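Asks: Take a look at this one; I'll ask things after.
The values are calculated or read from the model by the stated rules, or taken from the named source; none is laboratory data. Here the structure is a predicted model, which means the values were calculated and not measured. Please note: Cβ atoms are built from the backbone with ideal geometry, for glycine as well, and neighbour counts cover all protein chains shown.
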Amino acid sequence: MVPKRMFFTKGVGRHKQELQSFELALRNAGIEKCNIVNVSSIVPPHCKIIPREKGIQELKAGQITYCVMARNCTNEPNRLVGAAIGVALPKEPNSHGYISEHHCFGVISKKLEDYTEDLAATMLATTLGLEFDPNKAWDQRKQQYKMSGQIVRTQSIAQTAEGDKNGLWTTVIAVAIFNEK
């Protein structure tokens with residue numbers, strides 16, 4: 001199976017049980033009816049990114065669903081928890097792209113998005129043999145990657161949440177879902 005399409009989604013769940021908070025995060029993301037199988041970080045050649053709503057509509061209950069998932073949880077009140085996915089796609093449609101996933105504590109959504117987008121773009125850049133300075137800020141490298149003409153698209157999605165004030169488990173997920181249609 002080589003996926004032809006993918007979409008991104010995210011969710012948050014809170015519950016007194018850690019597992020149930022994860023289930024609620026899956027529900028919030030719209031993917032609770034699937035049997036999730038985590039895979040690594042390669043976007044197949046010719047794989048199109050489709051809108052979340054369209055991707056969720058195509059899912060069937062019980063379907064084996066391949067994904068790259070970032071997941072994090074806490075039961076510490078007010079602790080900021082985060083998970084993010086980043087993607088970088090090459091200009092050449094016969095080449096593969098990269099997905100990165102990251103989870104952490106205490107980082108706001110925008111910084112998480114930038115971080116995972118940077119990770120994915122850097123993995124792709126090294127595969128393509130692009131010269132870059134890893135000490136430069138992401139915004140500078142992003143411009144350099146785009147100017148090279150070899151990386152055409154980067155994007156990311158992040159989910160953050162503060163731990164429940166009463167100590168319920170708070171789970172966040174960010175997911176890239178693959179579909180073979």
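Asks: State the number of residues belonging to segment 108-138 that are part of a loop (DSSP other than H, G, I, E, B) and either of a type in the set (D, E, K, R) or within 12 Å of ALA70 (Cβ to Cβ) (or both).
Replies: Final tally of qualifying residues: 3.
Asks: Being crowded, with 22+ Cβ neighbours inside 10 Å and in contact with a strand residue (DSSP E or B) (Cβ under 6 Å, 6 or more places away or on another chain) is the filter; apply it to segment 120-142 and report the residue that is farthest from PHE8 (Cα to Cα).
Replies: Kept after step one, since they are crowded, with 22+ Cβ neighbours inside 10 Å, are these residues of segment 120-142: 120-121, 124-125.
In the following step, the residues that additionally are in contact with a strand residue (DSSP E or B) (Cβ under 6 Å, 6 or more places away or on another chain) were identified as 120-121, 124.
Numbers: ALA120: 15, ALA121: 17, LEU124: 19 Å.
So, considering only residues that are crowded, with 22+ Cβ neighbours inside 10 Å and in contact with a strand residue (DSSP E or B) (Cβ under 6 Å, 6 or more places away or on another chain), the one farthest from PHE8 (Cα to Cα) is LEU124.
Asks: Kindly indicate the residue of segment 51-66 that is in contact with a Cys (Cβ under 9 Å, 6 or more places away or on another chain) and either of a type in the set (Phe, Trp, Tyr) or part of a strand (DSSP E or B) (or both) and also nearest to ILE157 (Cα to Cα) among those meeting that condition.
Replies: For segment 51-66, the residue satisfying everything is THR65.
Asks: Taking ASP118, is it in contact with a Phe, Trp or Tyr (Cβ under 6 Å, 6 or more places away or on another chain) and over 26 Å from CYS34 (Cα atoms)?
Replies: yes
Asks: Tell me which of these ASN94 doesn't satisfy, since it passes every other one: (1) more than 30 Å from GLN143 (Cβ to Cβ); (2) part of a loop (DSSP other than H, G, I, E, B); (3) not hydroxyl-bearing (Ser, Thr, Tyr).
Replies: With respect to (1) more than 30 Å from GLN143 (Cβ to Cβ); (2) part of a loop (DSSP other than H, G, I, E, B); (3) not hydroxyl-bearing (Ser, Thr, Tyr), ASN94 is out only on (1).
Asks: Does ALA174 qualify as being at negative phi, buried (at least 18 other Cβ atoms within 10 Å of the Cβ) and out of contact with any strand residue (DSSP E or B) (no Cβ under 6 Å at 6 or more places or on another chain)? I'd like the intermediate steps shown before the answer.
Replies: Working: at negative phi: yes; buried (at least 18 other Cβ atoms within 10 Å of the Cβ): yes; out of contact with any strand residue (DSSP E or B) (no Cβ under 6 Å at 6 or more places or on another chain): no.
When the stated conditions are applied, ALA174 does not pass them.
Asks: Is it the case, given these coordinates, that GLN155 is within 21 Å of the chain's Cα centre (by Cα), of a type outside the set (Gly, Ala, Ser), more than 20 Å from CYS47 (Cβ to Cβ) and surrounded by 14 or more Cβ atoms within 10 Å (Cβ to Cβ)? Walk me through how you get there before you give the answer.
Replies: Numbers: within 21 Å of the chain's Cα centre (by Cα): yes; of a type outside the set (Gly, Ala, Ser): yes; more than 20 Å from CYS47 (Cβ to Cβ): no; surrounded by 14 or more Cβ atoms within 10 Å (Cβ to Cβ): yes.
No, not satisfied.
Asks: I've got another one for you. When segment 118-133 is examined, which residues are found to be in contact with a helix residue (DSSP H, G or I) (Cβ under 7 Å, 6 or more places away or on another chain) and not aromatic (Phe, Trp, Tyr)?
Replies: Narrowing segment 118-133 to residues in contact with a helix residue (DSSP H, G or I) (Cβ under 7 Å, 6 or more places away or on another chain): 118, 121, 125, 130, 132.
Of everything in segment 118-133, those that are in contact with a helix residue (DSSP H, G or I) (Cβ under 7 Å, 6 or more places away or on another chain) and not aromatic (Phe, Trp, Tyr) turn out to be ASP118, ALA121, ALA125, LEU130.
Asks: Now for a different question. ASN94 fails exactly one of the following numbered conditions: (1) modelled with pLDDT of 90 or more; (2) surrounded by fewer than 19 Cβ atoms within 10 Å (Cβ to Cβ); (3) in contact with a helix residue (DSSP H, G or I) (Cβ under 9 Å, 6 or more places away or on another chain); (4) within 23 Å of VAL2 (Cβ to Cβ). What is the number of that condition?
Replies: Going through the list (1) modelled with pLDDT of 90 or more; (2) surrounded by fewer than 19 Cβ atoms within 10 Å (Cβ to Cβ); (3) in contact with a helix residue (DSSP H, G or I) (Cβ under 9 Å, 6 or more places away or on another chain); (4) within 23 Å of VAL2 (Cβ to Cβ), ASN94 breaks only (3).
Asks: Which ones in segment 157-181 are touching a helix residue (DSSP H, G or I) at 6+ places or on another chain (Cβ under 8 Å), over 12 Å from ALA70 (Cα atoms) and not charged (D, E, K, R)?
Replies: Within segment 157-181, LEU168, TRP169, THR170, ASN179 meet the criteria.
Asks: Please find, within segment 5-59, the residue that is surrounded by the most Cβ atoms within 10 Å (Cβ to Cβ) out of those that are under 13 Å from ALA176 (Cα atoms) and of a type in the set (Lys, Arg).
Replies: LYS10
Asks: Go through (1) surrounded by 17 or more Cβ atoms within 10 Å (Cβ to Cβ); (2) in a loop (DSSP other than H, G, I, E, B) and name the single condition TYR145 misses.
Replies: For TYR145, the failing item is (2).
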